[in-house]
Amino acid sequence: MTLELAANHGVSVQENGLGSSPLAIRGLTVSYGQKPAVFSVDITVQPGAMTAIIGPNGAGKSTLLKAALGIVPALSGQVTVYGDALEKQRARIAYVPQRASVDWDFPTRVIDVVLMGLSRELGLLGRIRGRHRARAMDCLNRVGMRDFVDRQIGQLSGGQQQRVFLARALAQGADLYLLDEPFAGVDAATEKAIIAVLKALKEAGKTVVVVHHDLATVTDYFDHVFLINTSKVAEGPVEQAFTAETLQAAYGGRLATAQIDQISRALG
Amino acid sequence: MFWDALTLQLGYNASLVAIGAALLGVSAGVTGTFLFLRKRALVSDAISHATLPGVCLAFMLLVAFGGDGRNLLGLLAGSALSAWVGLLCMNWLTHHTRLAEDAAIGAVLSVFFGFGIVLLTVIQTMGVGRQAGLEGFLLGSTAGMLWADALVIALGGAATLVLVMILRRPMTMVAFDPEYAAARGLPVHRIDLAMMGLVMAVTVVGLKIVGLILIVALLIIPAVTARFWTERSDRVVLLAGIAGGVSGYVGAALSASAPNLPTGPIIVLVSFALFALSLLLAPVRGVLAAVLRHLRFQRRVHIRQGLLALAQGQKIYEPLTLRLLKRAGLARADGVATEAGKARAAKALRDEKRWEIVRADQAHEATAALYHGLRDIETVLTRDQIAEIDRQIGGPQGVMA
């Protein structure tokens, strides 16, 4: 793999024929201190697919997303979005951060959070008009949170908070959706609601990338997987890249053999 | 006297101070809110203390070049410059060393303030008599406020307000969810710097009235006060502006109505009074409301537990439970249920059984999660669903409420 990487390094995206990929990353390394959290990772997200980023705790899944978006600085590597520089294509990306990343006692209501998704359209001084509100309401409706518009966000359950975050992303009307652990600590109803929305996005031709931790649902929810443990372990369609071997390679001793057996049985 | 001061009939200087203080209060309240929302309230303390060396150096320069050492514009320019340097130091310390922000604040605050005090002492020993009033920048001094000074404050405050209004959306987004803001392409770092720059502007403008030691109070207390009354950030900003403005105006009037009352500290005390009132009386977040809420909740728990005990023929030992049941007319003093009590008790027990069925049933998983012992089952299930559960329980159906 390192050889492959060396070969790719410095080769322009156009020559690679990656121009159509919603998100292509080459040789990305991110480090907090002296120990890389993500080391020399390549990923080519398939357009119109639902991709799961999978790996053990601390494998750099969230860091990979954050570095791809420029939220944390990368030490090296190149990120292209729809064959273009990230900054030029930012408007086409919607990001759903981890729920734990914000203070839920912040004085803001559900509707205000969703309206943040429209900030580009509103600009600095633009008035919030009826059509903006209507669009925010529509997005809340899609995640089943219409009845909660005027609630302070701290009064919501964890699952409801996650749905509000998703509604904010929907309001952007983006083409590429990056979600960081959207199913972590949410109730079953929320998980169902979120996956329904994501599948609808896919039907509409959008691209969805999800940092995911529940191996049992990977085959149900996703068509592509990206396995990472600091560096890339495997990438491809679920049936090829999500196997007992790749899981063993990604998780090592951390995944009980029984679990792997169970998953490989499920995979047939 | 106080009324005269409030209606601006206490002379030119007092009126000037009152209006200036009100304007300063509004802009400090509004600007400080964003600092408070970003959870960086103490940054303003470092910024304000870092103004002192600038004030002193500016004075020395003015005197050295033969000007008037008390030229307010010159002194404010000096203070802004050194506050900005302090701000950059703090920023650098937090971003490029392993120091956390609180340590960086402490370091910058004390070093700059210490240096400022040294300069102040040097100026005093220069003994030229022209330094009169420079200590006024520590705690504010409004005695000799001029029309030009008031104008500087008014214009500075207004300019800050306009900038805050322009930047309010990005500043709110960064305060609530900096990662999302960064993902949207907002320059988080620069927005933070702009926010602190605005705080610096307010600080500099407010030096003359409240002084650098107390300006932090005027930046933070109104925001904290406003937070008690609303769950919306735009309203926190608005209310903080009002609270700041009222504090400034009333405080200035109070201090003018009696001899030897210092303006800055009185303004801070007035704003504290508003804070204390809010802390006690605010409808949802206030202390009294919280106590009442807790008592109501406790009452519900005791009555529910008492009813379940009555229904199962258990003796009630807890005096509070008994007292509450008696007051509600559900039990007699000896702990025997009244007719009304019997009916409520039977209903409580049946509801508990209904919940048991719901919680044991996989199909009701989402509903079962809502159980906490006090929730009325009618609020989560339809009449038909409850009837269906009752069929499973069997027995008399007469206790349906």
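The values are calculated or read from the model by the stated rules, or taken from the named source; none is laboratory data. All of these numbers come straight from a predicted model, not from anything done at the bench. Backbone-built Cβ (ideal geometry, glycine too); neighbour counts: all protein chains shown.
Points worth noting:
- When A:R129 is tested against (1) within 14 Å of chain B (Cβ to nearest Cβ); (2) at pLDDT below 95; (3) over 30 Å from A:T44 (Cβ atoms), exactly one condition is not met: (1).
- The range A:66-88 - residue that is of a type outside the set (A, V, I, L, M, F, W, C) and assigned to a strand (DSSP E or B) and, of those, farthest from the other protein chains (Cβ to nearest Cβ): A:S76
- Candidates in the range B:382-399 are the residues that are at pLDDT below 85 and closer than 24 Å to B:Q305 by Cβ; of these, the one that is surrounded by the most Cβ atoms within 10 Å (Cβ to Cβ) is B:V399.
- Only listed residue being part of a loop (DSSP other than H, G, I, E, B) and touching a helix residue (DSSP H, G or I) at 6+ places or on another chain (Cβ under 6 Å), chosen from B:Y371, B:Y317: B:Y371
- Residue count for the range B:4-31, restricted to those that are surrounded by fewer than 18 Cβ atoms within 10 Å (Cβ to Cβ) and not in a helix (DSSP H, G or I): 4
- Restricting the range B:183-213 to residues that are within 14 Å of chain A (Cβ to nearest Cβ) and either farther than 27 Å from A:S119 by Cα or touching a helix residue (DSSP H, G or I) at 6+ places or on another chain (Cβ under 7 Å) (or both) leaves a set whose member that is surrounded by the fewest Cβ atoms within 10 Å (Cβ to Cβ) is B:G185.
- Looking across B:G32, B:G25, B:G78, B:G20, one residue alone is over 26 Å from the mean Cα position of the chain (by Cα), assigned by TED's automatic domain parsing to the domain that holds B:A154, among the small types (G, A, S) and at negative phi. It is B:G78.
- Looking only at residues of the range A:148-179 that are farther than 18 Å from A:I111 by Cα and surrounded by 23 or more Cβ atoms within 10 Å (Cβ to Cβ), we find that the one that is nearest to the other protein chains (Cβ to nearest Cβ) is A:L178.
- Considering only residues in the range B:348-367 that are surrounded by fewer than 17 Cβ atoms within 10 Å (Cβ to Cβ) and of a type in the set (G, A, S), the one that is nearest to the other protein chains (Cβ to nearest Cβ) turns out to be B:A366.
- Flag if B:L239 is within 14 Å of chain A (Cβ to nearest Cβ), part of a helix (DSSP H, G or I) and farther than 27 Å from B:N71 by Cα: yes
- Taken over the range A:128-170, the residue count meeting the criterion of being farther than 22 Å from B:E231 by Cα, touching a residue at least 40 places away in the same chain (Cβ under 8 Å) and in a helix (DSSP H, G or I) is 3.
Yes/no per residue for (1) within 14 Å of chain A (Cβ to nearest Cβ); (2) crowded, with 20+ Cβ neighbours inside 10 Å; (3) within 20 Å of B:G25 (Cβ to Cβ):
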{"residue": "B:T142", "(1), (2), (3)": "no, yes, yes"}
{"residue": "B:M145", "(1), (2), (3)": "no, yes, yes"}
{"residue": "B:L151", "(1), (2), (3)": "no, no, yes"}
{"residue": "B:G157", "(1), (2), (3)": "no, yes, yes"}
{"residue": "B:L163", "(1), (2), (3)": "yes, no, yes"}
{"residue": "B:I166", "(1), (2), (3)": "yes, no, no"}
{"residue": "B:V174", "(1), (2), (3)": "yes, yes, no"}
{"residue": "B:A181", "(1), (2), (3)": "yes, yes, no"}
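- A search for C-beta distances below 6 Å between a residue of the range A:33-51 that is touching a residue at least 60 places away in the same chain (Cβ under 8 Å) and any residue that is among the charged types (D, E, K, R) and assigned to a strand (DSSP E or B), counting only pairs 6+ apart in sequence or on different chains, returns A:V41/A:K232; A:D42/A:R26.
- Residue check for B:L219: surrounded by fewer than 16 Cβ atoms within 10 Å (Cβ to Cβ) and either modelled with pLDDT of 95 or more or among the hydroxyl-bearing types (S, T, Y) (or both): no
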